[in-house]
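**Student:** Got a structure for you, questions after.
The values are calculated or read from the model by the stated rules, or taken from the named source; none is laboratory data. Source: prediction; values computed, not measured. All Cβ positions, even for glycine, are placed from backbone atoms using ideal geometry, and neighbour counts span all protein chains on display.
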């Protein structure tokens, strides 16, 4: 019995070769995307843990300016009951270096360690090959290779403090925590002599200490981080310091990868749904076209289930046949995807075959295909043999003659095209859903791309950094109003704000406390619900803290810093990706309730449009030599975003390309089916004197309005609801309100390009009709 | 054989049509020289496979001959491209098919108008003419909005005839127009065609049915792609029934039909 059904299934496949090929390609694409996304998700967490073990990554790291409090930090480590071991070594922090990173110029920090230093935790180890010719070497994090294109032996130049430093790249290192540009200054190594030479050139301000600590219980790392941060914060240091637990470091690196993977998976699911819609369409067409065959089978004693089995076999074979090369193709794509991941996490992504991801992808697709095949072929159960044998009469619908030509003011070809369009409800719904879904994906991705590469304001708002031009910190003394006035009086200064970041905690959770005298003047407004704090008893907490603590606006929350606790009233919810969303904001007056002597230390300077930050810093240094440390925030933020640009652009290109391929495939499939089904009709029309061009025009007009409507729906959805989708994808980070800039001309261009592509494809595919002779059509 | 007093509708010179089937060449029309006249009701007869339908589709510009020349009102149509042939057909030819071939997704009126609008710019006039013709062939307004499958075979073929005539074609080509109909419906269709011919419409009809052939005033007999006989008759009036039938029967018998 099954062999007969197998023959039927095989016969269906052979009869509909091109439809089968199109479906094959769709499922293959879906599998490629699904496997890629699933394998990343399944592997990412365990991969990083393995890497950390392999590289002996510490549970907590910190770097801070070497000062008189060093002994206190060491004492803290010694007294913390869960410290397994710790190491402290000298380091150099070049807080702001400018360099080439791929095609862009970026500003970033560099944390430089001595490669010759003996250490147990995270020992110096390069990825081969290593260049050891000469002494003026630098060993960079792997992201510089995979993200910026540097190779071993290349020359690396950077500018720090108006001096240019040039080194030869000796090799690359893998670093799970501070190996990227998005998690603070990336760690680099230099041989002892080179390191010492640099230490001399960069002077005292660059002298830092680098601390690595391992704990006996990984769960206790976060507490150690909290204690260290609070102690560093309490030291009153004005220099940059970073304390990072392994967990927070890894999570920070994963934010972007997870976001991209979520987009990839969402798109993969859209592709799966499209494949399922096509299968459903093919089954409904098959039932209509083969009604009499079904009648004959049933009349000969076949049960409905046996007839359905043939369809199940048909689509199961196509799915398996497509899934296997799909997984193979995904294997070929993985190195590229791996590079994108590596450029975000700083580790070599293993492009090995993931059997679990392959099984999950295949089983998911198969289960979906089987379910949809069974659901779509339900109609077969309701067909009696006699009804099936009389299919010609029973399957037609004569209810409405839509758009009678008698009253139509439209051109004949357009009118006939529209008449066809109005008859094809099921097909129209299929095209509409597919085109709208794909357009939505493309538009959402283009919006994402625009916000990373064009108008970056919204992304920076999400990241949570205050978008000033320059950040200034006094090298010594307190920030008095007259000092601020001096800066304000410099040429090109539009305004200044005060904003500090302190270590604090809520319950036992470490948070960053942002403190200012006036949050209303900030360019980056992170509060999305309620309002920023104004009074000294108020605090705005991130949505993720509120969710974790079960608090809402109007509730009280206890905040601790430097061992002092106080209760504050929640006046608003904020959001930001930076610090994994664990951020709260309060006024300086509010903080003084905990730390009465506290004064704000960080001055944000906003220059007029077009003003050169370098000119400003030179002017500042000339007027107030050695008094201020300046960071070019604008360049630093653009540099950080720049590291994500290639990944976002690649993702957008892939999704747009897949969209065009799939729209082409769908139109090919639909037009091919349409020509086959309407062969007789086209023959009659040709016989009556319609030219091939007339018929092509009709076909195009019968499809293009639906495609255009799909593009319009997808574009509108993309324009208005992309933010909602991104909010869903980022909600785990406490991002609940995204307002990305949408570039209307770009969206219109993309939509027009999609419609134009559909038009061209329709014309080209419809050209097949030229080959069919009118005589052949009529006499067939 | 020719009638010099009548205007020539079309001529074929050395017309050949060869089909290739699995590498085997099948010569269906062989060096056919033929002249058809305006106003005639020409009937082409022949046994199955004789090439009569192939001839009809070739001379109507539906299909291209392999070799030879077709002069339609003096214009050689053999060199026309497919699109030029389509324009030729819409202007000069009307077709009535055995399988009727109405577009089953369109109403009767839309079927007719889909032809009319191709040629006629004045849509209102086209609609009026369509309705007038439909009424003339016996399809009243209640049928105009119906779909082909809701009509009887005879009604559908009448609609087919109206569609063929809507653009006032130079020639009406009919391929076994009664082949799929019962005898009453067939007779009715033949009545319509005879009536149209009596108004001056040139008709070229292919059939293997004697009763249908009786309607013609000229019968051509085709065998193996070659014209082997021709019979001239008076125009059909119905009054000369038995005599006409005998005359045609004898003609066909002579040809071994």
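**Student:** Please pick out the residue among A:587, A:599, A:561 that is within 30 Å of residue A:620 (Cα to Cα), at pLDDT below 90 and in contact with a helix residue (DSSP H, G or I) (Cβ under 9 Å, 6 or more places away or on another chain).
**Tutor:** None of the others qualify; the one that does is A:599.
**Student:** So which residues in the stretch A:499-530 are surrounded by fewer than 15 Cβ atoms within 10 Å (Cβ to Cβ), at pLDDT 85 or above and under 19 Å from residue A:593 (Cα atoms), if there are any at all?
**Tutor:** The answer is A:517, A:518.
**Student:** With the structure loaded, tell me whether residue A:640 is modelled with pLDDT under 85, more than 27 Å from residue A:754 (Cβ to Cβ), more than 14 Å from chain B (Cβ to nearest Cβ) and part of a helix (DSSP H, G or I) or whether it fails that test.
**Tutor:** On the way: modelled with pLDDT under 85: yes; more than 27 Å from residue A:754 (Cβ to Cβ): yes; more than 14 Å from chain B (Cβ to nearest Cβ): yes; part of a helix (DSSP H, G or I): yes.
Yes, satisfied.
**Student:** Looking at the stretch B:68-86, which of the residues that are part of a helix (DSSP H, G or I) and either modelled with pLDDT of 90 or more or surrounded by fewer than 19 Cβ atoms within 10 Å (Cβ to Cβ) (or both) is nearest to the other protein chains (Cβ to nearest Cβ)? First the steps, then the outcome.
**Tutor:** Residues of the stretch B:68-86 part of a helix (DSSP H, G or I): B:82-86.
So of that shortlist, the ones also either modelled with pLDDT of 90 or more or surrounded by fewer than 19 Cβ atoms within 10 Å (Cβ to Cβ) (or both) come out as B:82-84.
Values: B:82: 6, B:83: 4, B:84: 9 Å.
If we take residues in the stretch B:68-86 being part of a helix (DSSP H, G or I) and either modelled with pLDDT of 90 or more or surrounded by fewer than 19 Cβ atoms within 10 Å (Cβ to Cβ) (or both), then B:83 is nearest to the other protein chains (Cβ to nearest Cβ).
**Student:** Across the stretch B:172-183, what is the number of residues that are buried (at least 23 other Cβ atoms within 10 Å of the Cβ) and in contact with a strand residue (DSSP E or B) (Cβ under 8 Å, 6 or more places away or on another chain)? Step through it out loud before you land on a result.
**Tutor:** Restricting attention to the stretch B:172-183, the residues satisfying the condition of being buried (at least 23 other Cβ atoms within 10 Å of the Cβ) are B:172-175, B:177-178.
Subsequent filtering for residues that are in contact with a strand residue (DSSP E or B) (Cβ under 8 Å, 6 or more places away or on another chain) retains B:172-175, B:177.
Qualifying residue count for the region: 5.
**Student:** Then there is this: Can you find a residue that is within 14 Å of chain B (Cβ to nearest Cβ) and within 30 Å of residue A:429 (Cα to Cα) anywhere in the stretch A:643-653?
**Tutor:** No, that holds for no residue.
**Student:** Given the condition modelled with pLDDT under 90 and within 30 Å of the chain's Cα centre (by Cα), answer yes or no: does some residue in the stretch A:193-206 qualify?
**Tutor:** no
**Student:** May I pose another question? Quick one: which helices (runs of 4 or more DSSP H) sit completely within the stretch A:664-770 and have at least 2 residues that are closer than 30 Å to residue B:172 by Cβ? Spell out how you get there, then give the answer.
**Tutor:** Details: elements: A:679-688, A:692-730, A:744-766.
By residue number, A:679-688, A:692-730.
**Student:** Which of (1) in contact (Cβ under 8 Å) with a residue 60 or more places away in the chain; (2) closer than 27 Å to residue B:153 by Cβ does residue B:190 not meet, given it meets every other one?
**Tutor:** Single failed check for residue B:190: (1).
**Student:** One residue is enough: does the stretch A:206-224 have a residue meeting the conditions assigned to a helix (DSSP H, G or I) and either free of Cβ contacts under 8 Å to residues at least 12 places away in the same chain or closer than 25 Å to residue A:96 by Cβ (or both)? It would help to see each step written out before you state the result.
**Tutor:** Start the filter on the stretch A:206-224 by keeping residues that are assigned to a helix (DSSP H, G or I), which leaves A:206, A:218-224.
Pick out the ones that are also either free of Cβ contacts under 8 Å to residues at least 12 places away in the same chain or closer than 25 Å to residue A:96 by Cβ (or both) and you get A:206, A:219.
Yes, the stretch A:206-224 contains at least one residue that is assigned to a helix (DSSP H, G or I) and either free of Cβ contacts under 8 Å to residues at least 12 places away in the same chain or closer than 25 Å to residue A:96 by Cβ (or both).
**Student:** Still on this structure: Could you count how many residues in the stretch A:659-692 are touching a residue at least 12 places away in the same chain (Cβ under 8 Å), more than 17 Å from residue B:101 (Cα to Cα) and within 14 Å of chain B (Cβ to nearest Cβ)?
**Tutor:** Total meeting the criteria: 2.
**Student:** Given the residues A:106, A:112, A:169, which is the only one that is touching a residue at least 24 places away in the same chain (Cβ under 8 Å), buried (at least 16 other Cβ atoms within 10 Å of the Cβ) and touching a helix residue (DSSP H, G or I) at 6+ places or on another chain (Cβ under 6 Å)? So that I can check it myself, show each step before the final result.
**Tutor:** Numbers: A:112 fails: touching a helix residue (DSSP H, G or I) at 6+ places or on another chain (Cβ under 6 Å); A:169 fails: touching a helix residue (DSSP H, G or I) at 6+ places or on another chain (Cβ under 6 Å).
Just a single option satisfies the conditions, and that option is A:106.
**Student:** Could you give me the residue pairs with C-beta distances under 7 Å whose first residue belongs to the stretch B:236-257 and is closer than 25 Å to residue B:192 by Cβ, whose second residue is assigned to a helix (DSSP H, G or I) and at pLDDT 80 or above wherever it lies, and which are 6+ apart or on separate chains?
**Tutor:** Listed pairs, sorted by first residue: B:236/B:194; B:248/B:210; B:248/B:213; B:249/B:210.
**Student:** Among the residues in the stretch B:50-67, are any more than 8 Å from chain A (Cβ to nearest Cβ), closer than 25 Å to residue B:139 by Cβ, out of contact with any helix residue (DSSP H, G or I) (no Cβ under 7 Å at 6 or more places or on another chain) and surrounded by fewer than 18 Cβ atoms within 10 Å (Cβ to Cβ)?
**Tutor:** No, there is no match, as no residue in the stretch B:50-67 is more than 8 Å from chain A (Cβ to nearest Cβ), closer than 25 Å to residue B:139 by Cβ, out of contact with any helix residue (DSSP H, G or I) (no Cβ under 7 Å at 6 or more places or on another chain) and surrounded by fewer than 18 Cβ atoms within 10 Å (Cβ to Cβ).
**Student:** Name every residue in the stretch A:421-454 that is at pLDDT 85 or above and within 13 Å of chain B (Cβ to nearest Cβ), in order of residue number.
**Tutor:** Once the filter is applied, which keeps residues that are at pLDDT 85 or above and within 13 Å of chain B (Cβ to nearest Cβ), the stretch A:421-454 yields A:421, A:422.
**Student:** With the requirement that a residue be part of a loop (DSSP other than H, G, I, E, B) and surrounded by fewer than 18 Cβ atoms within 10 Å (Cβ to Cβ), what does the stretch B:217-246 give you?
**Tutor:** Taking the stretch B:217-246 as the starting set, the residues that turn out to be part of a loop (DSSP other than H, G, I, E, B) are B:217, B:224-225, B:233-240.
The answer is B:224, B:234, B:235, B:237, B:238, B:239, B:240.
**Student:** Still on this model: Does residue A:695 satisfy the condition of being within 14 Å of another protein chain (Cβ to nearest Cβ), surrounded by 21 or more Cβ atoms within 10 Å (Cβ to Cβ) and touching a residue at least 12 places away in the same chain (Cβ under 8 Å)? So that I can check it myself, show each step before the final result.
**Tutor:** On the way: within 14 Å of another protein chain (Cβ to nearest Cβ): yes; surrounded by 21 or more Cβ atoms within 10 Å (Cβ to Cβ): yes; touching a residue at least 12 places away in the same chain (Cβ under 8 Å): yes.
The answer is yes for residue A:695.
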